[in-house]
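One structure is given here, and the rest of the page talks about it.
The values are calculated or read from the model by the stated rules, or taken from the named source; none is laboratory data. It should be emphasised that the depicted structure is a prediction, and the values quoted were computed from it without experimental measurement. Backbone-built Cβ (ideal geometry, glycine too); neighbour counts: all protein chains shown. Heads up: the accessible areas ignore ligands, DNA and RNA and are worked out on the full protein's heavy atoms, side chains in. Shrake-Rupley method; radii C 1.70, N 1.55, O 1.52, S 1.80 Å.
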Amino acid sequence: MVQISFEFFPPQTDRGRTNLLRTAHRLGAFRPAFYSVTYGAGGSTRERTFAAVARLREAGLNVAPHLSWGSDDEAHVLGLLASYRKLGVDRLVALRGDVPSGIGARGQVRHAEDLVRLIRRRVSEPLKLEVAAYPEVHPEAPSAAADIDYLKRKIDAGANGCITQYFYNADGYFYFRDSCIAAGIDVPIVPGVMPITHAANLMRFSDKAGAEIPRWIRKRLEELDGDGDAVSAFGAEVVTALCRRLLRDGAPGIHFYTLNKAGPSTAIAAELGLG
Ligand code: FAD
């Protein structure tokens, strides 16, 4: 059974909040295992993330809030966790997060492994924990092998599954997955997939996230820039082919980075027959 999930960011405006519910309902056609909601490390979206999670829960949806430890103190993290439990949340995405510069120097920034360990120590009820994984290597990792060792530590600390950073190279994902298996990681590694809708944004964001845009995609996007429909059509074709290959060769599911839009993920998921 293929596991589908959709990621949102917490909206800032009333319009964004209304749209989010509409988007979630539209994507419900694909019977996702959960919707996740990002969290700005350093607490920058604490209230907004919580409000978005609460609204989605009120609508009866399965939600996995992201929880980035960042430089928050332990009491804050545990307080938030208790509030989520009251909403009936039974899954979290546990992260270190990217703390805005300046904050990290003051507070103690802890790794996702420490957050997983803290949650397992302090929460006795069943709670699924997802952690982040990086097929193209996290930008700060000392080496690809060390990155996998650290991922294994997150699993050994009690995580149940991984969601990857997005990528456009299926071979890289499968090499990474096989390396993880060889390292003794035995949980599902669900590929994160970013639909392509806006060339300039994607390239800017990818450099920071450590996700590589292959030259052939970059070149096409440069040529098509300014023609939104052509970018979307090209993006849908490329990402659908990527997902088809991933699922054909054994990826356990797909986690869509939706950017709060239903259309691009719907086009891909429908083409794949996931509905
Ligand atoms: P960690 O697992 O702590 O790893 C960070 C770095 O430290 C890596 O280079 C790793 O190799 C190394 N490392 C790990 N453990 C140790 C250790 N014990 N000792 C020494 N080094 C170690 N960011 C947000 O701010 N908010 C979000 O909501 C968010 N959601 C995301 C969802 C997904 C699916 C993914 C893939 C990323 C997300 N991010 C989010 C981005 C993420 O926070 C950044 O990539 C961040 O830089 C690393 O977070 P992490 O949880 O992977 O950290």
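Does Val63 satisfy being at pLDDT below 95 and either in contact with a Pro (Cβ under 6 Å, 6 or more places away or on another chain) or of a type in the set (Val, Ile, Thr) (or both)? Before you say what the answer is, go through the steps one by one.
On the way: at pLDDT below 95: no; either in contact with a Pro (Cβ under 6 Å, 6 or more places away or on another chain) or of a type in the set (Val, Ile, Thr) (or both): yes.
When the stated conditions are applied, Val63 does not pass them.
List every residue pair whose Cβ atoms lie under 8 Å apart, where the two residues are 6 or more positions apart in sequence or sit on different chains, the first residue falls within segment 33-49 and is buried (at least 20 other Cβ atoms within 10 Å of the Cβ), and the second residue, located anywhere, is part of a strand (DSSP E or B) and aromatic (Phe, Trp, Tyr). Taking only residues 6 or more apart or on different chains, the pairs are Tyr35/Phe6; Tyr35/Phe8; Ser36/Phe6; Ser36/Phe8; Val37/Phe8; Thr38/Phe8. For segment 211-247, the set of residues classified as open to solvent by less than 40 Å² (accessible area, probe 1.4 Å) and not in a helix (DSSP H, G or I) consists of Ala211, Ile213, Pro214, listed by residue number. Leu56 meets all of the listed conditions (1) closer than 17 Å to Lys86 by Cα; (2) open to solvent by 50 Å² or more (accessible area, probe 1.4 Å) but one, namely (2).
Figure legend. Inter-residue proximity from segment 130-142: first residues more than 17 Å from Trp69 (Cα to Cα), second residues more than 6 Å from the ligand (Cβ to nearest atom) and open to solvent by 60 Å² or more (accessible area, probe 1.4 Å), beta-carbon distance below 7 Å, spacing 6+ or different chains. Indicated pairs: Glu136/Glu212.
Hey, any hits in segment 249-257 for a residue that's within 30 Å of Gly16 (Cβ to Cβ) and in contact with a helix residue (DSSP H, G or I) (Cβ under 7 Å, 6 or more places away or on another chain)? Lay out the reasoning, then the answer.
Our first condition is that a residue be within 30 Å of Gly16 (Cβ to Cβ); within segment 249-257, this holds for 253-257.
Next, only the ones that are in contact with a helix residue (DSSP H, G or I) (Cβ under 7 Å, 6 or more places away or on another chain) stay: 254, 256.
Yes, segment 249-257 contains a residue that is within 30 Å of Gly16 (Cβ to Cβ) and in contact with a helix residue (DSSP H, G or I) (Cβ under 7 Å, 6 or more places away or on another chain).
In this entry, Ala141 is excluded by the filter for residues that are touching a Cys at 6+ places or on another chain (Cβ under 7 Å), of a type in the set (Gly, Ala, Ser) and within 9 Å of the ligand (Cβ to nearest atom). Examine segment 89-101 for a residue that is part of a helix (DSSP H, G or I), closer than 25 Å to Phe256 by Cβ, among the small types (Gly, Ala, Ser) and touching a residue at least 40 places away in the same chain (Cβ under 8 Å), and state whether such a residue exists. Looking through segment 89-101, none of the residues is part of a helix (DSSP H, G or I), closer than 25 Å to Phe256 by Cβ, among the small types (Gly, Ala, Ser) and touching a residue at least 40 places away in the same chain (Cβ under 8 Å).
Pairs linking a residue in segment 191-203 that is among the polar types (S, T, N, Q) to a residue that is away from the ligand (no atom under 15 Å from the Cβ) and open to solvent by less than 10 Å² (accessible area, probe 1.4 Å), with Cβ atoms under 8 Å and 6 or more positions apart or on different chains, are Thr197/Val231; Thr197/Gly235. What tally of residues in segment 78-98 results from selecting those that are near the ligand (Cβ under 7 Å from one of its atoms) and open to solvent by 40 Å² or more (accessible area, probe 1.4 Å)? Selection size over segment 78-98: 2.
Residues that are of a type in the set (Asp, Glu), at pLDDT below 95 and within 24 Å of Ser206 (Cα to Cα) within segment 96-135 comprise just one, Asp98. If you go through segment 194-210 one residue at a time, do you hit one that is buried (at least 18 other Cβ atoms within 10 Å of the Cβ), modelled with pLDDT of 95 or more and within 16 Å of the ligand (Cβ to nearest atom)? Yes, the conditions are met somewhere in segment 194-210. Entry remark, segment 144-174: residues being more than 9 Å from the ligand (Cβ to nearest atom) and in a helix (DSSP H, G or I) number 10 in total. The set of residues in segment 59-75 that are away from the ligand (no atom under 11 Å from the Cβ), more than 15 Å from the chain's Cα centre (by Cα) and surrounded by 19 or more Cβ atoms within 10 Å (Cβ to Cβ) comprises Ser71, Asp72.
Residue-wise test of (1) surrounded by 16 or more Cβ atoms within 10 Å (Cβ to Cβ); (2) among the acidic types (Asp, Glu); (3) assigned to a loop (DSSP other than H, G, I, E, B).
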site: Leu129; (1), (2), (3): yes, no, no
site: Pro135; (1), (2), (3): yes, no, yes
site: Glu140; (1), (2), (3): no, yes, yes
site: Phe176; (1), (2), (3): yes, no, no
